[in-house]
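Data first, discussion second: the structure below is written as structure tokens.
A short reminder: the numbers here are calculations on the coordinates, not readings from a lab. Remember, predicted model here, so these are calculated numbers, not experimental data. Note that each Cβ is placed from the backbone with ideal geometry, even for glycine, and that neighbours are counted across all protein chains shown.
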Amino acid sequence: GGSPEIDRRCTMWVGSSLQHAISGDPPAGDPERTERDMTIDTDGGTTKGKRLGVARMRRLWGYFALGAGLFLIALFLRMGTSRSSMVHIPEVHSIISSTLKDAGSAGADISPLPIKSNGEPLNLEERVRRLELRLNAHTSWMKDPSFGMSVNAECKKVHNVDEHYICLDNFPPKDRPCIVYDFGIRDRPKFGIQMYDEFKCQVYAFDPSPVSVEWFTKDEEGRMLADKSYYHFYPYGAGGVDGNITLYEYSWQQVSNIHLPTTVSDDCENHGDGCKLIDHKAGLFKLPVKTLKTIMRDLNHTHVDILKLDIEGSEWGFMENILDNGCPPVDQISVEYHHFSFDMRYGGPASPEVNTMAMLLHVCGLRQFQIDYTNGGFPDPSKVYKKFGAKLFFNTMTFARGLQSIKGKDGS
């Protein structure tokens, strides 16, 4: 119940404390701010002037300021019966909200903030729960650490389409033509052709790799296919961003996002004179990619029935962008994952990256009904990967909406 001037000064101090608790800096003008004054007594008073590290002192100040700020907030709320105190509580709320908002959007230019499917931002509780799901999945902190490598839903009619799978329980739609997005074609468009032959789907195919572009523009068979009314080829790929990105020469005349690091020659094992660095120079390509959101907007689509991904590692950034923009407007996703790791506590079936993707798709209602290898995946035999200690695996799995989860396989 103090004076308005005291309340005003306390209000300003609360906001300043919260702001500097987040940044780690003491408020400007604080007499303890200078490095010269940051001293401790290290031997009972005989040795003075030992400096604490600036970073450590700032952290300590941050903890103190945050605690003090929260204490004053609680004190203000308890003084709610006093008119003079209540006058300035909205100002406190405003400063707190502004501070938390600034902290919550930090780094958004590097790591985009997740939003809902309708474009609205997630509230704090939703963001915390989303973070919790991602962390638990990535650390295998679940009922089933091998959740991402397990079939957790039942499809009664599993159908093979060129080494990928779809579920026919609720497909094809009866009231409209089905829409298929086929990413990763090379010069073998069998998946899209089969989807048209069997289900009369409209097929939209995407691949920026030189071998694909050349096949669809110069090969007679490719040109004939591109002229079909049901088949639409686009010379750009799937990405986590829109624009040109660097991709690298890969097996099967394809391109990938994986960049082989520098290794050493075999002579280095015995520290021989022939020891040298080896730079695995793969071909570089600046190629166009787009996010799913942009592609669907450009093609005037609001829904996709089947999304097939076989894009040599680019699926990670593409899927992360999809899930950062809410749940995908897709009924089925067949994806071949590349280059994932394992949780060594559990071995092959437990992959942090695959678990995370499977969990977020599961929350969106997309249940996993098919997987090629339940004990990890198919290992890439290329010697060049062994040179830098990598064990690269591939695995294809499929998710669909409208399926019942198998009891005990929810993974949460």
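Please figure out what share of the DSSP beta bridges in region 125-405 is antiparallel and state it in percent, rounded to the nearest 5. Working shown, then result.
On the way: 29 of 49 bridges.
If I count the DSSP bridges inside region 125-405, around 60 percent turn out antiparallel.
Within region 104-201, which trypsin sites (Lys or Arg not before Pro) sit in a loop by DSSP and count at most 16 neighbouring Cβ atoms inside 10 Å?
Numbers: sites: Lys116, Arg127, Arg129, Arg130, Arg134, Lys143, Lys156, Lys157, Lys174, Arg186, Lys190, Lys200; in loops: Lys116, Lys143, Lys156, Lys157, Lys174, Arg186, Lys200.
Qualifying residues, ordered by number: Lys116, Lys143, Lys156, Lys157, Lys174, Arg186, Lys200.
Checked against a 25 Å cut-off, the cross-linked pairs Lys308/Lys407; Lys157/Lys190; Lys190/Lys218 give Cα-Cα distances beyond that limit for Lys308/Lys407.
Here is the list for region 265-344: trypsin sites (Lys or Arg not before Pro) lying in DSSP coil, each with at most 15 other C-beta atoms within 10 angstrom of its C-beta, are Lys276, Lys281. Here, region 219-372 yields an orientationally averaged convex hull projection of 13.4 nm² when only Cα atoms define the hull. The gain in end-to-end length when the Arg188 to Thr294 segment is fully stretched comes to 35.6 nm, 0.36 nm per residue minus the alpha carbon separation.
With the cut-off at under 15 Å, measuring from each backbone N in region 354-381 to a point 7 Å along the Cα-to-Cβ line of Trp141 picks out 356. Measuring against 20 Å, Cα to Cα, the residue pairs Lys200/Lys228; Lys174/Lys200; Lys200/Lys290 contain Lys200/Lys290 as the ones spanning a longer distance.
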